[in-house]
Amino acid sequence: MRHHPPTARKAQRSARQLSPHPSIFKSFSLISMPRSVALPILVCISCLVCTGGAFSLPPQHGRRPVRAGSSSSSSSQRSFHYIHRPTLLQSTSILEDGINSVEDIQRRSFLAQVAFVVLQPSLSQAAEFTSTETPFHSAAYGQEEYTNSIVASRDTNISPKEVYDTIASDYLREAYDAAVKERGNVGLRALDVGAGAGVSTEVLYTMGYHNIDAIDWSRSAWQKYVVDDPNGYCPSGVSFYELDDERYIDEWRAKFASNQQSGRDDGLFDVIVFNFAVNDSKAALFATQLLNKKHGRLLAPINTMNDYWLKQTYKVMDSGGNVLWSAGDVGAWSVQFQPDVTQDTCSGVWCAPFNGFQKKK
């Protein structure tokens, strides 16, 4: 076993704790820069990493969300938690090269992570910077709170922030990445069921889905926060339909049924998100009929028992209706949504006749 001097061991232990906060990189990217500007910066970063640079930074700690569980664990046991982002310089080779101070390791660790962030942006970041269109925005976005719903209109709420964190989770990002690899960043489609005030729509748009069908049986919240508010904006790729999900799927079938029979995937969605409680049968119906067969993902709060509207379990399904992940609680929030207004068992202020909804005959 190779032994290192006390100073070196101390430096190694300290280096493992060093990780710059993600906010350092939040607004830093070479993707949007002209090549004539980006290339010199890239060369400078490379030189600094190799030489150790000429400045030092105070220790900071960053966290990023990851999905727990190995590939061998069952999907129902997976959960989301936070881990410290590891530094890129944690091997004893640093010490073998004669770098024995905390400052040297810290400096190189920071510079290496800058280079990593710059050189390897995620696919969703690339999509964000390559789009020249004014992005979708709802004036309700940013009002959401953890564990607490906010009234958006007589017919809908802005859900707790845990909902939108779940939409932006790895499961739906995996569908995006798979779609980009298959056909590039063109025609990526999302269906936002129960779009309400458009907060979930904005989350999907930010993830890279710029072709979105947003549907809700009531237009009031969408009209207030997306259309009428001067800060709201809806680009051409986002379409709102004042329809409940049953009427929408009828129109979808009439338009795309022939394509499905011929094996074409026109009209299929890479991602579907439900923003109200549904029975398992409805979630499975949308997953098997409307999702892209190769990589599509559906996220829905599904009743723990059929027609029981007081408690739901979040589930992610693939195009075969198979459950890939589920959770009854997200953080401190116990999953509970408004009931499906199209169901005869729906009762209370969110249902007919109190809210004015007219069921399809």
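Consider only pairs whose beta carbons are under 6 Å apart and that are at least six residues apart or on different chains; among these, list those whose first residue lies in the stretch 246-270 and is more than 21 Å from residue 183 (Cβ to Cβ) and whose second residue is modelled with pLDDT under 95 and among the charged types (D, E, K, R).
Taking only residues 6 or more apart or on different chains, the pairs are 246/360; 247/360.
Just checking, does the stretch 281-292 include any residue being touching a residue at least 40 places away in the same chain (Cβ under 8 Å) and out of contact with any strand residue (DSSP E or B) (no Cβ under 9 Å at 6 or more places or on another chain)?
Yes: the stretch 281-292 contains one or more residues that are touching a residue at least 40 places away in the same chain (Cβ under 8 Å) and out of contact with any strand residue (DSSP E or B) (no Cβ under 9 Å at 6 or more places or on another chain).
Out of curiosity, is residue 313 under 18 Å from residue 194 (Cα atoms) and assigned to a strand (DSSP E or B)?
So residue 313 passes the test.
Take the residues in the stretch 190-220 that are aromatic (Phe, Trp, Tyr) and under 16 Å from the mean Cα position of the chain (by Cα), then tell me which one is surrounded by the most Cβ atoms within 10 Å (Cβ to Cβ).
Selected residue: 209.
Across the stretch 234-245, which residue is surrounded by the most Cβ atoms within 10 Å (Cβ to Cβ) among those that are in contact (Cβ under 8 Å) with a residue 40 or more places away in the chain, within 16 Å of residue 193 (Cβ to Cβ) and within 21 Å of the chain's Cα centre (by Cα)?
238
Pick from the stretch 309-351 the residues that are under 21 Å from residue 167 (Cβ atoms) and free of Cβ contacts under 8 Å to residues at least 12 places away in the same chain: which of them is nearest to the chain's Cα centre (by Cα)?
329
Taking the stretch 328-361 on its own, how many of its residues are in contact with a strand residue (DSSP E or B) (Cβ under 7 Å, 6 or more places away or on another chain), assigned to a strand (DSSP E or B) and more than 15 Å from residue 274 (Cβ to Cβ)?
Of the residues in that region, 0 qualify.
Taking the stretch 249-294 as the search range and keeping residues that are touching an Asp or Glu at 6+ places or on another chain (Cβ under 8 Å) and modelled with pLDDT under 90, which one is surrounded by the most Cβ atoms within 10 Å (Cβ to Cβ)?
256
The values are calculated or read from the model by the stated rules, or taken from the named source; none is laboratory data. Not measured: the values here are computed from a predicted model. Counting neighbours? That spans all protein chains shown, and the Cβs are built from the backbone with ideal geometry, glycine included.
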